[in-house]
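No value in this document is a laboratory result; all are computed from the given coordinates. Because the structure is a prediction, the values reported are computed rather than measured. We place every Cβ from the backbone using ideal geometry, glycine too, and count neighbours over all the protein chains shown.
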Amino acid sequence: MDFLNLTIADAHEVLRTREVSAVELTEAALERIIAVDNNVKAFLDIDDEGALEQARAADERIAHRQARPLTGIPLGIKDVLCMRGTTTTCGSRMLEEWVAPYDATAIAKLKAENAVLVGKTNMDEFAMGSSTENSAFVMTRNPWDVTRVPGGSSGGSAAAVAAGEVLGSLGTDTGGSVRQPAALCGVTGLKPTYGRVSRYGLVAFASSLDQIGPFGRTARDCALLLEAIAGADINDSTAAREPISHYSAMLDGNIKGLRVGVPREYFVEGMEPGVEAAVREAIDALRDLGAEIVDVSLPHTSYALPVYYIVAPAEASANLARFNGVRYGLHVEGENVIDEMELTRGQGFGAEVRRRIMLGTYALSAGYYDAYYKRAQQVRTLIRRDFQQVFEQVDVLAAGTSPTIAFEIGAKTDDPLAMYLTDVLTLSPSLAGVPGLALPCGFSAGMPVGLQLIGRPFDEGTILRAGDAYQRITDWHLRRPELPTTSSTEANDDE
């Protein structure tokens, strides 16, 4: 049995019936990581002993017929989420040696399910980037073509699933950082509604935008992960008390009569022809399933990019002020306190993080606050109203996730604006706080293309149902990249 081509749902069944053990599944994951991660570099840290200990505990729970859907399932965790006793670096030299003293709520919930948390995945520093080239430690590569990026900022989490190293993972999405890498790596990724999942223990980038979300092979996998991590939290006042649905039970394959809106503004200038063709074919497939396709408009979409790059850096400027070399993290000695702070932040933060801090500080500064930050928030309200109005006409929106396939490593590093434009299709839903699901819908030039399904606030169930129905009649999500492998002996020799 090829364990790591299983979906989470399939793996749960073979674990529950004890055809395989959680230890065997975890050992297979660790072997796969040894075999391929030298080429992919999805992981920053792997906890072999801890993972096997968790697997043994999962087997014990299974033996007592207490298995939950994620019990014994190997998962990766983006290194922006605190996990007690492990380093949480956020891909930054600033936190290179910082060990988390507590678990993020999402992590605690996975542990309560007896999931197996294999290790921490690579990311753009402090989640600021669209390619995972901004990590201070390694450059994650796309499993479909290791000369190309996996997307970002959750590139490690997406690549780990695409490469078959784990069955699922957690990432975070601020402006597209789950959906965009899911699309570029050919896996399924969900950004829940803002507030659906507690942010407690998530190292903040932009507090009004950040949301934890799952990666899996299928919409059903994402539904199972969301069921585990969603819900209110006394430690996070922004975690909503909205009821949590049994999402996986809603996936019946039936979307007849579902009204699917196609926003004309999401077929942007610069969208690659192969990407547009694949997305439009996917929309036709939804029509074939019985959905009603409706042309709609979100007129303020063009403002999303400038609004996001005022709001997010402004919030980052405030959030990252705590990293000053005094309480935790990197400390660089200097002649005085001010000198030490400047040296610490100058050496601890990479170029992109420094760029965004400066943008945000400028937007919040005296004389510019009203002109930039306040006005951006006013336009953000207009973007949110666009979604409110369009969801009076339709149930779901369907569009592309990224206007291009994964680009070559280094192709956009010298052009920040070109890099920012890669998220142009995911920014508006983030600013509006609505959920979005990215799933494979084809290939262009040998690289995956992603369809994006956008839903009403707290209606993740509908987009998951539509995504599942689409995946029942297509096989894009079943395709796997071919990767060169390294034996465990060779890996040990390299070390």
Along the positive direction of the dipole of region 133-238 (beta-carbon charges: Lys, Arg +1; Asp, Glu -1; about the Cα centre), which of Phe205, Thr147, Ala228 reaches farthest?
Thr147
If I take R0 = 35 Å and measure r between the Cβ atoms of Asp284 and Arg18 in this structure, what FRET efficiency does the formula 1/(1 + (r/R0)^6) give, to the nearest 0.05?
0.25
Inter-part distance where region 262-305 and region 1-67 are each reduced to a Cα centre, Å:
38
Taking θ as phi - 60°, what are the ³J(HN,Hα) couplings along region 102-115 by the Karplus curve (6.51, -1.76, 1.60), each to the nearest whole Hz, with x for Gly and Pro?
8, 9, 4, 4, 4, 5, 4, 5, 5, 5, 5, 7, 6, 5
Going from the fewest other Cβ atoms within 10 Å to the most, one would list Thr361, Thr344 as Thr361, Thr344
Contact order normalised by residue count of region 347-431, Cα under 8 Å, 6+ apart, percent:
25
Relative contact order (percent, whole number), the chain, Cα cutoff 8 Å, 6+ residue spacing
18
Please identify every one of the trypsin sites (Lys or Arg not before Pro) in region 2-54 that sits in a loop by DSSP and has no more than 16 other beta carbons within 10 Å of its own beta carbon.
Arg18
Hey, for a label at Gln377 modelled as a point 7 Å past Cα toward Cβ, could you say which residues of region 282-324 have their backbone N under 13 Å away?
311-312, 314-315
For region 168-247, which trypsin sites (Lys or Arg not before Pro) are both in a DSSP coil and crowded by at most 12 other Cβ atoms within 10 Å?
Arg241
Quick one: go through region 428-472 and flag any residue whose amide nitrogen is under 14 Å from the point 7 Å out along the Cα-to-Cβ line of Glu292.
none
Under the Karplus curve 6.51 cos²θ - 1.76 cosθ + 1.60, θ = phi - 60°, whole-Hz ³J(HN,Hα) for region 457-467, x wherever Gly or Pro sits:
x, 6, 10, 4, x, 6, 6, 5, 5, 5, x
Stretch Thr485-Glu392 to full length: gain in nm at 0.36 nm per residue minus the Cα-Cα span?
28.4 nm
GluC sites (Glu not before Pro) restricted to DSSP loop in region 218-301 with at most 14 other C-beta within 10 Å:
Glu269
Using a 7 Å offset from the Cα along the Cα-to-Cβ direction at both Asp414 and Ile234, what is the distance between the two label points in nm, to one decimal?
5.6
Note: Asn39 to Arg472 extended length (0.36 nm per residue) minus current alpha-carbon separation gives 152.7 nm
Explain nothing, just compute: Karplus ³J(HN,Hα) = 6.51 cos²θ - 1.76 cosθ + 1.60, θ = phi - 60°, for every residue of region 232-241 in order, whole Hz, x for Gly and Pro.
5, 8, 4, 8, 9, 5, 8, 6, 6, 8
